[in-house]
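Please read the structure below before turning to the comments.
No value in this document is a laboratory result; all are computed from the given coordinates. These numbers were taken from a predicted model, which means no experiment stands behind them. With ideal geometry, Cβ positions are generated from the backbone for all residues, glycine too; neighbour counts draw on all protein chains shown.
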Amino acid sequence: MEMMRVNGVEVEDTFAEAFRMWGCRVIITAKNQKWADTAAMEMTGFATSVIMCDCEAGIERRLSEDETPDGRPGTAVIVFAHSKKTLIEPLVRRIGQCVLTCPTTAVYNGIPEEEADAMLDIGKRLRFFGDGYQVKMRLGDGWLRRRRFWRIPVMEGEFLIEEILGAKKGVGGGNFIIMGVDEDSTLEAAERAVEAIHRVPGVITPFPGGLCRSGSKVGSRYPFLRASTNTPFCPAIKHTYPESQVPEGVNSIIEVVLNGLDEASVRRAMAEGIRAAVEVEGVKRITAVNFGGKLGKYQIYLRDCLGGEVS
Amino acid sequence: MMELRLKPKVSGLSIPLEAEVISPDVIAGKTLREVEELRVYHGNRAERLGEYFEVEGEVAAEPGEQLIVVEGDVSWVKYIGAGMTAGKVVVKGDAGMHLGSKMSGGEIIVEGSVGDWAGAEMTGGLIRIGGDAGDLLGAAYRGSPEGMRGGCIFVEGSAGYETGTGMRRGLIVIGGDAAPFTGAHMNGGVIFILGRAAKRLGAQMKGNGSLIICLGEVEELLPTFVYDTTYTPTFMRIYLKTLSEKLGIKRAEEYIGRPFRRYRGDRAVGGDGEILVVERG
């Protein structure tokens, strides 16, 4: 494998294999940031990977009062699934159980119709929680952009949700792997990478804190398990695993996984993340996970992401 | 936009002039001479527009590019902008009855007051009235099941009787006071009253999201409207922001976060529309 060097750190000339996924941005507002964040965290829980979760979800960023439709603090969440169809159910369930139930929250569309590939009937489905007492709110008929909302009575007051939410074809499974001399340096590099990634709009990191320490590989020796940890990259077995890919001197590895609403955002976020990671002393090498190009639609080469900054 | 100016040659006709030709849809694509020849009705006589107005300025090829400026008081002219679909009409004074009735797009600005039936049965577009509105603003014509079905009317002053009667969709904002029977027979649509709301508000209102929001005093509510609760609904912020940002009603922002009393009715007809009244003090 050919190597490049960025800030003195080896970067393998390889690619991250990413997949077509459908993404939906949900804007959650609340009386204050605490409750918007609370709802967002609940809604994005247990949504790291479609290997075993119904979707992949994460918090994109906080929104100021000037950025939200109702002028309250907000949090933007993006939810990804394999298809438009499989995206609907997790959205309905998660908003229904995690946001509708959360005090003072409201939900708005985060992808305008002109930018969306499809509009999903999410509020329209959730309205039935009102048991017939829900009220349709109309806005803009014949003079502004036509919008529909549902007002659902709840014990605390009223839950407001936009009738349709925009979804678009995005990219899931953007990734890179940080290899370091020890746990501290690797973790610090990974944390810095995630911080940098979150400055790119339209991107989320669905794993805990944005990081996947287990990695994953397709299949396992057990017939009932369709994926297992990425054993070739586990330092603990680097001298006993026959096809270990852990370089000498590397004792801790973390994978950064990211999904984006478009390929360009994922590329940019990967680049920002790698550049932040290689600033940390102790980082030995950066690489990416792929399946030989057999599974994913997108092959995002690290050298392309990093552009002319390879030295 | 290309501006065409109409200067009234007469004033205060006792018999009003019917001039639905004062519309971008009719005027766009014509020559000035052809505009002068457009037919208007004075009583039962068909006459030329040019007999009542001096016509000057430019004519656009498409209605959407046409601005018509009526310079002066034309309270004796009915049907200005009636049925228009695009473009803009500005009246620098008062306008007569049926202004913008059945319009579906574009914008009408009246610097003065308007007569009855303004915006009646309109389905789209925006009407701004700087003064007061007569009776039956945005209402249904007699015998018609539905009044306004879209668009927005903003009256800075007060509005007359039966505003929004039979309203189905759209938004009416009354900056001043609302006369009795505002929102009667509503079956959808939203009416904001920033001034005082008179009696019989929402009489025989049905449901379908019908909503009257009172930011001022309410003279009296019908007993067939049932008080539910006093609360601070989130959706109100959306409407109030729209009033402020899209219509320039900055004082609407003062009501963001204020509690409202929610009444539901008109139970006399099994309706489940709403009247929300801002909590005073």
Looking at the P(r) of chain A, how many percent of alpha-carbon pairs lie beyond 38 Å? 20
In deg cm²/dmol, rounded to the nearest 500, the helical mean residue ellipticity at 222 nm of the protein assembly as shown, built from -39500 (n - 2.57) for every DSSP H run of length 4 or more, is -4000 deg cm²/dmol
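Direction-averaged shadow area of the convex hull around the Cα atoms of region A:1-90, nm²?
Working: hull surface 35.1 nm².
Over all viewing directions, region A:1-90 projects a mean Cα-hull area of 8.8 nm².
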What number comes out for the charge environment of B:GLU162, summing +1 per Lys or Arg and -1 per Asp or Glu over other residues with Cβ under 12 Å away? 0
Region A:1-71 and region A:81-101 have their Cα centres apart by a whole-number Å value of 16
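Just need the relative contact order of chain A here, percent rounded to a whole number, with Cα pairs under 8 Å and 6+ apart.
On the way: 752 pairs, mean separation 80.0, N = 311.
Here the relative contact order equals 26 percent.
Hey, could you grab the Kirkwood Rh for region B:79-211? Inverse mean 1/r over distinct alpha carbon pairs, Å, one decimal.
13.6
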Counting every C-alpha pair in region A:21-168, the percent lying more than 25 Å apart is 21
How many partner chain Cβ atoms sit within 10 Å of a residue's Cβ in peptide B:235-246, on average, as a whole number? 4
If you take the Cα atoms of region A:154-221, find Rg, then find the Kirkwood Rh from the mean of 1/r over all pairs, what is Rg/Rh? 1.15
Give me the Debye-computed log₁₀ of I(q)/I(0) at q = 0.10, 0.12, 0.13 Å⁻¹ for region B:150-281, equal point scatterers on Cα only, no solvent, two decimals. -0.26, -0.37, -0.44
Intensity falloff of region A:174-311 expressed as log10 I(q)/I(0), Debye formula with alpha-carbon point scatterers, at q = 0.17, 0.19 Å⁻¹: -0.93, -1.15
Calculated SAXS-style log₁₀ I(q)/I(0) at q = 0.18, 0.25, 0.29 Å⁻¹ - region A:6-58, Debye, Cα scatterers: -0.76, -0.99, -1.17
Diagonalise the Cα gyration tensor of chain B and give the resulting equivalent ellipsoid semi-axes, square root of 5 times each eigenvalue, largest first, whole Å. 36, 18, 15
In Å, what is the Rg of the alpha-carbon atoms in region B:90-144, and how long is Dmax? 10.3, 33
Taking 8 Å as the Cα distance limit and 6 or more residues as the minimum spacing, I'd like the relative contact order of chain B as a percentage. 10
Would you mind estimating how fast region A:207-287 diffuses translationally, via Stokes-Einstein at 4 °C and 1.567 mPa s with the Kirkwood radius over Cα pairs, in µm²/s? 90
Give me the percent relative contact order of region A:15-165, please, defined on Cα pairs under 8 angstrom at least 6 residues apart. 24
Among trypsin sites (Lys or Arg not before Pro) in region A:222-311, those in a DSSP loop whose Cβ has at most 16 other Cβ atoms within 10 Å are A:ARG226, A:LYS294, A:LYS297
Residues A:MET52, A:MET179, B:MET1, B:MET205 in order from fewest to most other beta-carbon atoms within 10 Å are A:MET52, B:MET1, A:MET179, B:MET205
Two-decimal Rg/Rh across the protein assembly as shown, once Rg and the Kirkwood Rh are taken from alpha-carbon atoms: 1.13
I need B:LEU67, B:LEU136 ordered by Cβ neighbour count within 10 Å, fewest first. B:LEU67, B:LEU136
Excluding A:VAL181 itself, what net charge comes from residues whose Cβ is under 11 Å from its Cβ, given Lys and Arg +1 and Asp and Glu -1? -3
Taking only complete DSSP H runs, can you tell me which helices of chain A stretch 18 Å or more along their own long axis by Cα positions and average at least -0.5 on the Kyte-Doolittle scale? A:183-197, A:263-277
B:LEU49: net charge of surrounding residues, Cβ under 9 Å, Lys/Arg +1, Asp/Glu -1, itself excluded? -2
Longest principal axis of chain B (C-alpha) makes with the long axis of helix B:235-247 (C-alpha) an angle, in degrees to the nearest 10, of 20
Please order B:MET186, B:MET2 by the number of other Cβ within 10 Å, starting at the fewest. B:MET2, B:MET186
